[in-house]
């Protein structure tokens, strides 16, 4: 892991372009390390041949020509610049001046103390002191001059260095000279650094590839497969860890990463292939894929087979530990499964292709059952060997939850599926052969299911119980266009083998029409049973069944036939009958059946056979009659659809009316504007929206629109009879406003369900409620006193009043009635209806 990580880190670091700021900082650090102080730099200049300037460096002082030891010592000390050097010498000059001043002050003191004695001493010492002072001053002056010269020389040297860095590089032209022309030294150094980084990255890439290829070769090397190919697993683990480290570190889109991942996959497949061959060699000694007589095999052959079988299972478990399980289980037709079973299926697949996909006379498109029988024979012949020997070996390897027989069957299915996918496109223009092939596939699927094939017990199910197998037929009919062509062929070419009308007629009257009526009877029986159990239909009958008892357990029919559960049953019956009805109508217009109907109407010699048939229309039983052979069946299915829709409307309206019953008994002349909505009203609205949502989710758009209008018309009429025209309560203006608010709540509830559906129902949601809304608008008209009180908050400018409504209703002029209804926003209400509604107001004096 450390080696692989270092290689990957070299790749990442070497692939970065050098930063100019970092390069400049590195250059300065190198100069500071080589020249820690001014003396070392001056010494370097003098050694480079700086002329007389270098000689000035020989003057005694801190900046004199340093030795190599002094340079090393200077590296340890703090670096001193040019300004610090000048400040140092100025400080030395100040110290010397101070010493002279101190000496002169001492002399004066001595003169004042002992004038006579010290005068002589002073006179004798003064020339020496002056000479010393002059000498020191001369030395300081020489040092200052030398420092000045060194400063100018250093500035010139630095200027030359900077000019060299910024000036174009002179030299012999080489590769890419045109591109490098005019480059400065810094730019050239940066370019060389980038090139070096690319070369280092390439070296790192090459190192990684070399390591990957080496480990791959070690994994597949025959020397690593002793005593078993499993001995190569440590090499593969190292390869897997190296590639996994690269996958975690490097971007997923890099081409080299795809190469190393591909090398890892090929190594795994190669190792698996070697072990496949070992198992097949051992199985061949047992005469596989013929029927295996395992007890009669030698002990060595059995041991070799068992070892190769379990080695492959161990390899598979190791692969699952390294690679992990796929997030989505593979499809059963993918060919994935237990490694040893995949290997054992190979010779079976080769024999199958030889017989049924080659030039052998067994490859016949009109005999698909031969191919299906071959696979079924393999399952049957190897069943004992699988159950007695392969299943225990699989259990010992840790795959006890896998049914080896189901696994073996699943891995044989792609062989057949490959044959059918190759053959069926050629049969699309031959409906009879296509229908026969699909039929044989259905028979095969049923036989496999009857043989206890359980897809949930295979290795790809990932422990999921109850996985349904769709069969070969399910896969084939999902292909685009195949299902439609097959259905069209079934419809038309079922009659193809029948040469004449006298042969087609018995098929029609004894098979096709009775079969359609049998389905009609089945749907009718479901509706009859629903009506029998539903309390909504039998509650009016005294002593009617309100419950059922089976084995002492009480069964409430309301839970089965009421609410969304009952609605779902009725919708299922409606959809079933509607689908058949639409198919029959399409068949009646099909040219084949139109021709069949015309031939039957003109066949006078066959008329005696159809006179007593109740499923054929009367029009075909006379000369020159027109019509279709399906007219009677269409009428009965249409009546069945109408009945199921009636039952849906009845169920929804009864459910809502039961919740609304208590609310409709309220008084509308004793209503407060701040009254909260009644609980029974809220329950009715909730039931209405729930059932309407269930309809909208399952019913086709046209049927939904038709059912919605019928349901709303029924509820609207019920509310009118119970709330408006009932004799126990009349309306005030406040009560009328509350009634109008409730009706708008019903409209909004319907809009909330249907406006999101792309159906014809959402274009006229308010239309069925129009009559009830018009009545509510009349009932909420304000009186003069009420209008005066609510003018600012409720009354709109120009809104009609109750008195104006009374005048318009009992006036003789039609124009005044029309103008009033237009102002009130009411449409389609006649004079008699208006008078009836106004009489429900407590203020009405007529």
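The values are calculated or read from the model by the stated rules, or taken from the named source; none is laboratory data. Bear in mind the structure is a predicted one, so any value in this text is a computation, not a measurement. Glycine also receives a Cβ, built like all others from the backbone with ideal geometry; neighbour counts cover every protein chain displayed.
Just one of the listed residues (597, 694, 680) is assigned by TED's automatic domain parsing to the domain that holds residue 568 and modelled with pLDDT under 90, namely 597.
Take the conditions (1) farther than 30 Å from residue 320 by Cα; (2) loosely packed, with under 14 Cβ neighbours inside 10 Å; (3) in contact (Cβ under 8 Å) with a residue 24 or more places away in the chain; residue 398 misses just one of them, which is (1). When the test is whether a residue is surrounded by fewer than 14 Cβ atoms within 10 Å (Cβ to Cβ) and either touching a residue at least 24 places away in the same chain (Cβ under 8 Å) or in contact with a strand residue (DSSP E or B) (Cβ under 7 Å, 6 or more places away or on another chain) (or both), residue 445 does not pass it. Here residue 767 meets the list (1) surrounded by fewer than 16 Cβ atoms within 10 Å (Cβ to Cβ); (2) modelled with pLDDT of 80 or more; (3) more than 55 Å from the chain's Cα centre (by Cα) almost entirely, failing just condition (3). From the list 427, 411, the one residue that fits, being surrounded by 22 or more Cβ atoms within 10 Å (Cβ to Cβ), touching a helix residue (DSSP H, G or I) at 6+ places or on another chain (Cβ under 8 Å) and more than 24 Å from residue 334 (Cβ to Cβ), is 427.
Please determine whether any residue of the range 331-338 is under 21 Å from residue 290 (Cβ atoms) and either in the same structural domain as residue 470 (by TED's automatic domain parsing) or touching a strand residue (DSSP E or B) at 6+ places or on another chain (Cβ under 8 Å) (or both). Scanning the range 331-338, I find no residue that is under 21 Å from residue 290 (Cβ atoms) and either in the same structural domain as residue 470 (by TED's automatic domain parsing) or touching a strand residue (DSSP E or B) at 6+ places or on another chain (Cβ under 8 Å) (or both), so the answer is no. When residue 785 is tested against (1) modelled with pLDDT under 75; (2) surrounded by fewer than 11 Cβ atoms within 10 Å (Cβ to Cβ); (3) farther than 19 Å from residue 731 by Cβ, exactly one condition is not met: (3). Here is a list: 450, 435, 441. Which entry is farther than 28 Å from residue 516 by Cα and either modelled with pLDDT of 90 or more or touching a helix residue (DSSP H, G or I) at 6+ places or on another chain (Cβ under 6 Å) (or both)? Result of the check over 450, 435, 441: 450. Screening the candidates 279, 233 for the property of being in a helix (DSSP H, G or I), under 38 Å from the mean Cα position of the chain (by Cα) and surrounded by 13 or more Cβ atoms within 10 Å (Cβ to Cβ) yields one hit, 233.
Among the residues of the range 199-229, the ones that are more than 19 Å from residue 264 (Cβ to Cβ) and loosely packed, with under 13 Cβ neighbours inside 10 Å come to 5 in all.
Here residue 136 fulfils each of the conditions (1) surrounded by fewer than 13 Cβ atoms within 10 Å (Cβ to Cβ); (2) at pLDDT 85 or above apart from (1). Inclusion of residue 340 among residues that are free of Cβ contacts under 8 Å to residues at least 12 places away in the same chain and either assigned to a loop (DSSP other than H, G, I, E, B) or closer than 19 Å to residue 411 by Cβ (or both) is not warranted.
Of all the listed residues (201, 238, 244), the sole one being touching a helix residue (DSSP H, G or I) at 6+ places or on another chain (Cβ under 6 Å), at pLDDT 85 or above and assigned to a helix (DSSP H, G or I) is 238.
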